[in-house]
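To keep things clear, I will list the structure first and then write my remarks on it.
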């Protein structure tokens, strides 16, 4: 932003005019763009997934808001990465692909026909971790060591192929994405497990892997590459170092459309 300041000085025979140009790093705010969104919060955080919500800007600008961009930043870094390629209409967004054990903050920008708003204030940091592990962290340190060591036989579940996930449901379905949730298998041993999400166009028998480039560790997953107006069914498998489970029961056919889940 440039600020021009001018003043004059009267001498005995002449008038001298001085002009100063002040340059700052402050971004120029476009006329008519929305103000920043408000109250960015994180919900349902898991090992590699979190839902970000916010409140719409108090002032929309010269035209209605077309959507929002969500940015994330790993705590301790200064690089903000945009999470979505196209603006999302609703004031909530499922962020996937987080790295387990790392902490993140999020911010949101609104867009209308005049341009993109300034970023919102960043959310409070959230750690990508299993909710049960988070509860143990909050509970504080474990009981002090008593000096006694208890030996147990090797866990019989180690090296066993996990069971299939259960209770698979669609929790959200919009133009932009569909969110799935399920219950992890009871039989999975003590090692970490990952999930393989599959989709099938209604009327066909062709199941395709949905998370080919993204390992899923949380019992939640958002699918973005779906065709609006088409119907799909979904199922999930679980795997560990011992092998892969059978597929879960498939969902019913879900039509990708402009509907927000409860």
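The values are calculated or read from the model by the stated rules, or taken from the named source; none is laboratory data. All values derive from a computational prediction rather than experimental measurement. Heads up, the Cβs are rebuilt from the backbone with ideal geometry, glycines too, and the neighbour counts pull from every protein chain shown.
Worth pointing out:
- Any hit, region 121-141, residues being more than 30 Å from residue 39 (Cβ to Cβ), over 15 Å from the mean Cα position of the chain (by Cα) and either at pLDDT 95 or above or not assigned by TED's automatic domain parsing to the domain that holds residue 103 (or both): yes
- Of the criteria (1) under 18 Å from the mean Cα position of the chain (by Cα); (2) under 20 Å from residue 44 (Cα atoms); (3) buried (at least 20 other Cβ atoms within 10 Å of the Cβ), which one residue 210 fails: (2)
- The residues listed here are 222, 181; of these, the one that is in contact (Cβ under 8 Å) with a residue 60 or more places away in the chain and either out of contact with any helix residue (DSSP H, G or I) (no Cβ under 7 Å at 6 or more places or on another chain) or farther than 23 Å from residue 44 by Cα (or both) is 222.
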